[in-house]
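Participant: Have a look at the structure that comes next, please.
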Amino acid sequence: MSRWLWMTWLTIPVLNTLQQLFLKLGAADATSSAVARGGWFGGLLFSPWFAAAVAAEIVCFVVWMTVLSELDLSLAFPLSAASYVFIMLMAWITFGEHLEIREIVGSLVILGGIWCLVTAQAANDK
């Protein structure tokens, strides 16, 4: 995988992580302002965090289409599993969510699988 494609692909789990963080913040914002803005859904629609989540998803879609034009789906999609690890890590850092040892082990398995895919692809490209 070329350096440009690798960096482009890496933006997908980063944008997915941002989107999930923004959605969590938007949901909390909607809950705290539900009365002032006409209920939980109204609060969500007026949350700047929700707008940021929508923007992140739109950018992610454009990047995903770019990556799919260059990579096989059978490689690109499993690579996107890095989002699970990033989201869990950021939830721990940002919101202080507790991590169990099995979640950490599972994340290492996901990262090991991604490493296997990338190194196998690199070997095939030679």
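Participant: Compute the signed sum of charges (Lys and Arg +1, Asp and Glu -1) over the other residues within less than 14 Å, Cβ to Cβ, of residue 12.
Facilitator: Local net charge: -2.
Participant: All other residues with a Cβ under 14 Å from the Cβ of residue 63 taken together, and with Lys, Arg as +1 and Asp, Glu as -1, what is their net charge?
Facilitator: Local net charge: -2.
Participant: Hey, another quick one. Report the percentage of all Cα-Cα pairs in the range 50-116 whose separation exceeds 15 Å, rounded to a whole percent.
Facilitator: More than 15 Å apart: 64 percent of the Cα pairs in the range 50-116.
Participant: Hey, another quick one. Using only alpha carbon pairs under 8 Å that are at least six residues apart, calculate the relative contact order of the chain and give it in whole percent.
Facilitator: Dividing the mean separation by the residue count of the chain yields 30 percent.
Participant: So what does the Cα-only Debye profile of the range 3-125 read at q = 0.20 Å⁻¹, as log10 I(q)/I(0), no solvent term?
Facilitator: -1.10
Every number in this text was worked out from the coordinates using simple rules, so none of it is lab data. Every value quoted in this text rests on a predicted model; they were computed, and no experiment measured them. Note that each Cβ is placed from the backbone with ideal geometry, even for glycine, and that neighbours are counted across all protein chains shown.
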